[in-house]
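Reviewing the structure listed below.
The values are calculated or read from the model by the stated rules, or taken from the named source; none is laboratory data. Computed from a predicted model, the values in this text were never measured in an experiment. Neighbour counts run over all protein chains shown; Cβ positions are idealised from the backbone, glycine included. Surface accessibility is based on the protein's heavy atoms, side chains included, excluding ligands, DNA and RNA. Shrake-Rupley method; radii C 1.70, N 1.55, O 1.52, S 1.80 Å.
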Amino acid sequence: MVSQRLLREGVADETDLKEIIPPDYALDKGPVAVAECFQEIPCNPCSTYCRRGAIVLENINDRPIIDYDRCNGCTLCVSKCPGLAIFVINKNFSEDEATVTLPYEFLPLPKKGDVVITLDRYGSPVGKGKVVRVQNTRYNDKTPLITVTVPKDMIMNVRNIKVEA
Amino acid sequence: MINTDVAVIGGGPAGLSAAIAAADMGAHVTIIDRNHELGGQLLKQTHMFFGSREEYASTRGFDIANILKEELKERSVEVLLNTTAVGYYKDDGVWALEEGEDKFVKLKAKKTIVATGAMERHLLFPNNDLPGIYGAGAVQTLMNQYGVMPGKKVLMVGAGNIGLIVSYQLLQAGVEVSAIIDAAPAIGGYLVHASKVRRQGVPILTSYTVKRAYGNEVLEGATIVKVDEGFRQIPGTEIDMDIDTMCIAVGLNPLVELLWQAGCKMRYIPQLGGHVPVKDEDYETTVKGIYVAGDAAEIEEATSAMVEGRLAGLNAAHAIGFDNGNYAREKDNALKRLNALRSGPVGAKIRNGLLKLAEEAV
Ligand SMILES: Cc1cc2nc3c(=O)[nH]c(=O)nc-3n(C[C@H](O)[C@H](O)[C@H](O)COP(=O)(O)OP(=O)(O)OC[C@H]3O[C@@H](n4cnc5c(N)ncnc54)[C@H](O)[C@@H]3O)c2cc1C
Ligand code: SF4
Ligand code: SF4
């Protein structure tokens, strides 16, 4: 069951997120994926593009549950998810910073080193972050991935960025 | 008079897949589309598709159209573009086609597959005919095929997949989307689509409808209002929206005029989008030799439209006597895929609608 907030406004609430927050041991390891895909829909690219077998769907309508013993945060699934619902979070990017890797299909694209505004699931600003990586290869097929720094306690909050003109 | 084994009317995902499948079985196939290009709805879709990899999930709609068109070329299917099927002579089983503006030709086929897709619904409210109020399909065509921005500030009416996706595409084009509203109490489209528009800062207001639009010659604004569970407007809950464009995405109806004309038995099934033809397991309607597939059979998805098209194409060719040896296996495979796609909770509406239709068939 998804929350009323998600059903009515399109924003996941704590009860939705509780089910998908990676366990501490996984977060301590390094980058891992989170799939914010809470509804059973007929869709499976996340599973077919993962080379580590971290997302197994027996039925195409199953929800993607990530196996954190297998997921290494490689980001291969992120640009293939048509729902743009997968993010890779890395709690241990540096001593005091974490990162979030998110799909970003808007222009202009930020460049590595740029400082961008970070946004939450409502699209409201929550801070600023530095772009540490931009992936925009043929594999990404017009769904570039941006990796941005965030405070360690914000890895489950930052889900979008705004590039200042 | 054009003579062919299998005629396919409509070159969207359903029609293209039907033509490919029938040609693979060995039939001579003619595909007809009123547009100047094959692809149907796919041509407008710049987003990645859902579904499974067999149906090109994660590929953008217009790229899927190109893949299917390439496959068609390899099979030397005859293609008639800018050609509209306008009528059916029941007695001799001949289709009337209008080529371009004023040339009429007749076509006789051993079997015909109708894959004409769907038509957009409109919404009733005062001033709903003001310039600046568009259907979602028109907005997509303007924006994604012709690169024209429909306006600066848009109100999207409808939070189904189409409303959500077109909102996202408007944002990508740099247009402001003031809000997405829907009279239903919950978002009808996939929640992942809703979330991705929401995190761009676009409010989604469920249980809201349009009270009226206003403007002298063109749309200058609109009033929206909250509705209760009975969809009655709640006085005092009006919100004025400063917008110059309204985009209506409240659903589709199967485009079935040709099937009515041909005398196919039709039934009104809301879960399937309105009036739909009664059909058997082979996708044949109650008029022998006329098959149906895709949105014309029931409003669903491109993924299922492609599989249905395949099935109709396989069955039509097989009924004439063609078989490349793979008919049984291909058919079985397609049926399994279709069932898998429809097996989840979001497939329940279609499953129930199809059950109702099947009851009507007997
Ligand atoms: C905004 C939007 C987003 C969508 N996103 C997805 C998605 O992510 N995944 C998904 O699976 N589906 C999606 N769909 C749905 C999908 O596009 C349709 O279900 C699918 O295109 C139906 O295929 P079809 O071949 O039945 O009809 P269509 O694609 O509508 O094709 C019908 C064709 O028939 C032609 N035609 C009609 N009448 C005649 C006539 N009398 N004579 C000759 N030609 C005629 C038309 O020109 C057209 O080319 C989306 C739809 C929209 C609008
Ligand atoms: S990030 Fe890599 S390993 Fe993890 S689920 Fe995605 S594709 Fe698989
Ligand atoms: S690809 Fe994305 S939308 Fe599709 S099932 Fe996986 S996470 Fe959900």
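Summary of computed values
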read-out	value
Test: residue in segment A:130-152 that is of a type in the set (Phe, Trp, Tyr) and crowded, with 16+ Cβ neighbours inside 10 Å	no
Top-ranked residue in segment B:53-70 [being outside any helix (DSSP H, G or I) and of a type outside the set (S, T, N, Q); ranked as modelled with the highest pLDDT]	B:60
Residue in segment B:125-162 that is nearest to ligand 1 (Cβ to nearest atom), counting only those that are of a type in the set (Phe, Trp, Tyr) and open to solvent by 30 Å² or more (accessible area, probe 1.4 Å)	B:134
Number of the condition not met by residue B:172 [criteria: (1) more than 8 Å from chain A (Cβ to nearest Cβ); (2) open to solvent by 40 Å² or more (accessible area, probe 1.4 Å)]	(1)
Test: residue in segment B:302-311 that is in contact with a Phe, Trp or Tyr (Cβ under 7 Å, 6 or more places away or on another chain), open to solvent by less than 10 Å² (accessible area, probe 1.4 Å), modelled with pLDDT of 95 or more and in a helix (DSSP H, G or I)	yes
Residue within segment A:116-134 that is within 16 Å of ligand 2 (Cβ to nearest atom), more than 9 Å from chain B (Cβ to nearest Cβ) and at pLDDT 95 or above present	yes
Residue within segment B:71-78 that is free of Cβ contacts under 8 Å to residues at least 60 places away in the same chain, assigned to a strand (DSSP E or B) and aliphatic (A, V, I, L, M) present	no
Matching strands (runs of 3 or more DSSP E) fully within segment B:84-172 where at least 1 residues are of a type in the set (A, V, I, L, M) and within 16 Å of ligand 3 (Cβ to nearest atom)	none
Selection from segment B:93-124 of residues that are on the phi > 0 side of the Ramachandran plot and crowded, with 19+ Cβ neighbours inside 10 Å	B:117
Some residue of segment A:51-65 being near ligand 2 (Cβ under 8 Å from one of its atoms) and under 18 Å from residue A:140 (Cβ atoms)	yes
Top-ranked residue in segment A:42-58 [being more than 8 Å from ligand 3 (Cβ to nearest atom) and in a loop (DSSP other than H, G, I, E, B); ranked as farthest from the chain's Cα centre (by Cα)]	A:58
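Residue-by-condition table, conditions (1) within 11 Å of ligand 3 (Cβ to nearest atom); (2) crowded, with 20+ Cβ neighbours inside 10 Å; (3) within 11 Å of chain B (Cβ to nearest Cβ); (4) not hydroxyl-bearing (Ser, Thr, Tyr):
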site: A:12; (1), (2), (3), (4): no, yes, yes, yes
site: A:20; (1), (2), (3), (4): yes, no, no, yes
site: A:25; (1), (2), (3), (4): no, no, no, no
site: A:28; (1), (2), (3), (4): no, no, no, yes
site: A:34; (1), (2), (3), (4): yes, yes, no, yes
site: A:40; (1), (2), (3), (4): yes, no, yes, yes
site: A:60; (1), (2), (3), (4): yes, yes, yes, yes
site: A:71; (1), (2), (3), (4): no, yes, no, yes
site: A:82; (1), (2), (3), (4): yes, yes, yes, yes
